[in-house]
2 protein chains.
Amino acid sequence: MKKSIHFISLVFFVSLIPSVTYSQNKDSINIRKIYDFYLTESKCYKNLEVLCTTIGGRISGSPQAEKAVAWAKQAMYDAGADTVYLQPCKVTHWERGAKEMAVVTYPGKRLNLNVCALGGSTATPVSGINASMIEIKSFAELKTLGEKNLIKGKVVFYNVAFNPKNITPGQSYGESVNYRHNGAVKASKYGAVATVVRSMSSLNNDSPHTGSMTYDSADVKIPSFALSYKAADDLAKALKEDPKLLISLKSFCKIFPDTTSFNVIGEIKGTEKPNEYIITGGHLDSWDTGQGAHDDGAGVVQSIDALTFFKKAGLKPRHSIRAIAFMNEENGLGGGKAYAKETEKKKWKHIAAIETDGGGFTPRGFGVDTTAGLYNLALSWKPLFAPYFIDHIRKGGGGADIGPLEKFGTPCIGYECDNQRYFDIHHTPDDTFDKVHKRELELGAAAIGSLIYLIDKYR
Amino acid sequence: MKKSIHFISLVFFVSLIPSVTYSQNKDSINIRKIYDFYLTESKCYKNLEVLCTTIGGRISGSPQAEKAVAWAKQAMYDAGADTVYLQPCKVTHWERGAKEMAVVTYPGKRLNLNVCALGGSTATPVSGINASMIEIKSFAELKTLGEKNLIKGKVVFYNVAFNPKNITPGQSYGESVNYRHNGAVKASKYGAVATVVRSMSSLNNDSPHTGSMTYDSADVKIPSFALSYKAADDLAKALKEDPKLLISLKSFCKIFPDTTSFNVIGEIKGTEKPNEYIITGGHLDSWDTGQGAHDDGAGVVQSIDALTFFKKAGLKPRHSIRAIAFMNEENGLGGGKAYAKETEKKKWKHIAAIETDGGGFTPRGFGVDTTAGLYNLALSWKPLFAPYFIDHIRKGGGGADIGPLEKFGTPCIGYECDNQRYFDIHHTPDDTFDKVHKRELELGAAAIGSLIYLIDKYR
């Protein structure tokens, strides 16, 4: 019995090993071809330059966002899409208006602070908000002070800095973004008149980082601002000197009714399973203050390239490949929701969904859902990725736009790149084309392309 | 028999596993402490700012290099060195002089090219060199044309670009640097009057990259220049239009007799084996055109930090630790040779030598010599490094300054970081402090510190 098992095992392995080796060799050759294309012929860097420097910031509902939709449609056709589909989606429409102001005064001193309104915030009254302040380090502290009636009538200053001990600034962002997103709702329950939040920033400079915030429809809507890292330091120091100082805040933003925009979906037909999709997407909208280069022009142009590389590397996809430029990721997720809704309606079968929304920096790896065994399959590809310094295949991935597909059993994957510089410029005027490095962007696109090739072959 | 082997194995493993686990847990806690120090208290970024912005470029033999020696001595004491030793070394002394000129003329056209003299080059005559040119793509082509007497009296243009298909620009540098280093010697044998070489650059811009070149004492010494990437493109285009164009070259550099300078060696005494050393070094000298920030101020300040972290993390080294700021790496290796010479004389026992000379970018890993089993030992530490994105433990490492120690059986290690941006600024006026990212520099220092901790514990 033992012997026969051994014999069977032996036959099995002898028959398997050469074919695995052959297959890995072939994959290794094809991945090298894919990288060759990306490092010499890819248009992604040029595409990003056009998007960032001729259109620039493109917040949902703006004329720039609509220009970006038209640009993406053409760029997808240029990349070789068989069809490009503009998928309608409901999006929020918020405008910043004139530059915001924050001035702190206390006996003998006057301090101008660099601030910006958070996306979705109401404006201050025309005369501004003039109030004393209270510095808060946690929601627990807010609750304690709120219950003692010490928040009422005040401007709440959420002063929660990134923890430098975290190895990735992304982790620090995750730990503190709640103060930006939900700080106004929580403070207004205790009668605060406005909030200012320390920017979600890994860099000590004077650029305020905008970003989304929400209101609870049951609440009073209070204006909400981000302070630059430096302004937050200055304010904390001033509050130590005079806890009774007054702040004067002005913002001019407007909330408009929701409007209609589009996801841009470019598709190349699969040869064997045209009704099964591998999708890769980034988001086309960006904040208004910068050019949306790393966030997320990079992800859009990397995704568009997925329509090109098969042909350029002399390969044919078995499944249909979709590149998606999602709309409204930054302040509403209207695009992601619309795609999920149509998926449900049309029963689209996605064998994998990839999102690239972490910047155009040097690739490190992928976060991969365990759904349908994809994580284990991806782990088996580690040796194929090793020559390209793609080392991290981590459990659990995805992204904001593809997240709604998880409920249909779609395995989701988040592309992950070097994170150290991202939150220096995220949601600031400094997120511009010149901050993106051509080869780093291309290497990221090549990593995503290679992953698509492998999923297409082995699923 | 089988049973007893199993039993022995079982006893062995049961006795081993908890102690390994305990030990790894303890290491994991200590490495976390080391990272905590580096990410919150390290002076390496501040040190780099002082070195780059108050001293700046510091080529061997210059007053700036001597200032850097004095600065490093003090910085090592400040970092907690028990002793700091200035180790004399013979260094080359070359000065660039006034800004170089290169002008191409052909009927109706005149083209100014951005060039710089290569380090070690002779100057042109005061009247300049005026000659026709020949473009060369390989030494094989030089040989063929030289033997046909087509090189004589001409300026040789080595036009060998980085291969963008290489995954790291470091590989491209390795493939093309020979044209910079030995191009003049080889061309002069066929009667060339000067050489211009395409910069060793991964970036298409107008900054020429200087770097070392040598002469063979038997040869005529011909002046040697680097062209910016753009200038090399422009020149190649002009040569297509008119292969008979004339180039006019002027340089003003001077070669002085060798002089004496110093390696700066800071040491903390080991508690158990004070006469066995773990050394970590970078080079203090830099090219004259930039500030020597990534190359190699970064390596120097990371090495100096190795004198601090044990105390800050509440640890004591068993072996003595040396931080070395080597002199003259760029154009002579006088410092590395002097250290090896004294090692031989005093029979210093080095249990490991680490070099950090690849820039201050996000760490990726280490190249480790197989000598004395160090590579296999380092591989066993991979799980300890994994939380810090240190993934690459590669066979074979070292560096230019520690290389001469290999003949004594010293296991050498090269610290390796993200390489994509390094050759954009390497040896150019753009290698300045503002190009170095604080956290990336600190993470590199922490990786090196953690490696020293592990070597110290397990050797």
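Note on the stretch B:230-269: among residues that are basic (Lys, Arg) and touching a residue at least 40 places away in the same chain (Cβ under 8 Å), the one that is farthest from residue B:87 (Cα to Cα) is B:244.
Of the residues that make up the stretch B:174-188, is at least one within 14 Å of another protein chain (Cβ to nearest Cβ) and of a type in the set (S, T, N, Q)? No: zero hits. Across the stretch A:154-173, the qualifying residues are those that are of a type in the set (Val, Ile, Thr) and touching a Leu at 6+ places or on another chain (Cβ under 8 Å), and the one among them that is nearest to the other protein chains (Cβ to nearest Cβ) is A:167. Counting residues in the stretch B:342-349 that are within 14 Å of chain A (Cβ to nearest Cβ), within 27 Å of residue B:285 (Cα to Cα) and touching a residue at least 24 places away in the same chain (Cβ under 8 Å) gives zero. Residue check, residue B:247 against (1) aliphatic (A, V, I, L, M); (2) farther than 30 Å from residue B:215 by Cα; (3) surrounded by 24 or more Cβ atoms within 10 Å (Cβ to Cβ), all met but one. Which one? It fails just one condition, (2).
Look through A:227, A:235 and report the one residue that is more than 22 Å from the chain's Cα centre (by Cα) and within 19 Å of residue A:118 (Cα to Cα). Every option except A:235 fails the conditions. Of all residues in the stretch B:46-61, at least one satisfies being at pLDDT 95 or above and within 14 Å of another protein chain (Cβ to nearest Cβ).
Take the conditions (1) more than 14 Å from every other protein chain (Cβ to nearest Cβ); (2) among the polar types (S, T, N, Q); (3) touching a His at 6+ places or on another chain (Cβ under 9 Å); residue A:224 misses just one of them, which is (3).
Out of A:128, A:174, A:170, report the one residue that is at positive phi and surrounded by fewer than 20 Cβ atoms within 10 Å (Cβ to Cβ). It is A:128. Only one entry of B:212, B:228 meets the criterion of being under 30 Å from residue B:408 (Cβ atoms) and either among the small types (Gly, Ala, Ser) or outside the structural domain of residue B:80 (by TED's automatic domain parsing) (or both), and that entry is B:212. Restricting attention to the stretch B:313-348 and to residues that are among the charged types (D, E, K, R) and in contact with a Gly (Cβ under 9 Å, 6 or more places away or on another chain), the residue that is farthest from residue B:78 (Cα to Cα) turns out to be B:330. Taken together, the residues in the stretch A:392-430 that are under 13 Å from the mean Cα position of the chain (by Cα), more than 14 Å from chain B (Cβ to nearest Cβ) and of a type in the set (Asp, Glu) amount to 1. The one condition from (1) closer than 27 Å to residue A:92 by Cβ; (2) over 15 Å from the mean Cα position of the chain (by Cα) that residue A:317 does not meet is (1). Residue count for the stretch B:91-130 under the criterion of being under 24 Å from residue B:241 (Cα atoms), over 33 Å from the mean Cα position of the chain (by Cα) and β-branched (Val, Ile, Thr): the result is 2.
Against the test of being surrounded by fewer than 21 Cβ atoms within 10 Å (Cβ to Cβ), modelled with pLDDT of 95 or more and not assigned by TED's automatic domain parsing to the domain that holds residue B:170, the options B:267, B:241 yield a single qualifying residue, B:267. Give me the residue from the stretch A:353-371 that is over 13 Å from the mean Cα position of the chain (by Cα) and of a type in the set (S, T, N, Q) and, out of that set, farthest from residue A:399 (Cα to Cα). Among residues in the stretch A:353-371 that are over 13 Å from the mean Cα position of the chain (by Cα) and of a type in the set (S, T, N, Q), the one farthest from residue A:399 (Cα to Cα) is A:362.
For the stretch A:431-458, taking the residues that are within 14 Å of chain B (Cβ to nearest Cβ) and among the small types (Gly, Ala, Ser), the one that is farthest from the chain's Cα centre (by Cα) is identified as A:450.
What residue, among those in the stretch A:365-376 that are surrounded by fewer than 19 Cβ atoms within 10 Å (Cβ to Cβ) and under 30 Å from residue A:264 (Cα atoms), is nearest to the other protein chains (Cβ to nearest Cβ)? Restricting to residues being surrounded by fewer than 19 Cβ atoms within 10 Å (Cβ to Cβ) and under 30 Å from residue A:264 (Cα atoms), the top hit is A:370. Which one of the conditions (1) among the hydrophobic types (A, V, I, L, M, F, W, C); (2) over 30 Å from residue B:367 (Cβ atoms); (3) within 23 Å of the chain's Cα centre (by Cα) does residue B:177 fail to meet, given that it meets all the rest? Failed condition: (2). Specify the residue that is surrounded by the fewest Cβ atoms within 10 Å (Cβ to Cβ); the eligible residues are those in the stretch B:131-145 that are under 11 Å from residue B:195 (Cα atoms) and free of Cβ contacts under 8 Å to residues at least 60 places away in the same chain. Out of the qualifying residues, it is B:134. Considering the stretch A:101-116, and only residues there that are touching a strand residue (DSSP E or B) at 6+ places or on another chain (Cβ under 6 Å) and not β-branched (Val, Ile, Thr), the residue that is surrounded by the most Cβ atoms within 10 Å (Cβ to Cβ) turns out to be A:116. Restricted to strands (runs of 3 or more DSSP E) entirely inside the stretch B:185-288, those with at least 2 residues that are under 18 Å from residue B:59 (Cα atoms) are B:224-227, B:254-268, B:273-283. Considering the conditions (1) out of contact with any strand residue (DSSP E or B) (no Cβ under 6 Å at 6 or more places or on another chain); (2) over 18 Å from residue A:363 (Cβ atoms); (3) crowded, with 21+ Cβ neighbours inside 10 Å; (4) not aromatic (Phe, Trp, Tyr), residue A:60 is excluded by exactly one of them, (1). The set of residues in the stretch A:274-287 that are surrounded by fewer than 24 Cβ atoms within 10 Å (Cβ to Cβ) and more than 11 Å from residue A:353 (Cα to Cα) comprises A:274, A:275, A:276.
Against the test of being touching a residue at least 24 places away in the same chain (Cβ under 8 Å), among the small types (Gly, Ala, Ser), in the same structural domain as residue A:325 (by TED's automatic domain parsing) and under 28 Å from residue A:161 (Cβ atoms), the options A:409, A:444, A:367 yield a single qualifying residue, A:367.
Kindly evaluate residue B:388 against the criterion of being over 15 Å from residue B:293 (Cα atoms) and within 14 Å of chain A (Cβ to nearest Cβ). Spell out how you get there, then give the answer.
Values: over 15 Å from residue B:293 (Cα atoms): yes; within 14 Å of chain A (Cβ to nearest Cβ): yes.
So residue B:388 fits the description; yes.
Taking first residues from the stretch B:427-441 that are closer than 19 Å to residue B:364 by Cα and partners that are among the polar types (S, T, N, Q), the Cβ contacts under 6 Å between residues at least 6 apart in sequence or on separate chains come to B:439/A:420; B:440/A:420; B:440/B:362.
The values are calculated or read from the model by the stated rules, or taken from the named source; none is laboratory data. Everything numeric in this text was worked out from a predicted model, so none of it was measured. Backbone-built Cβ (ideal geometry, glycine too); neighbour counts: all protein chains shown.
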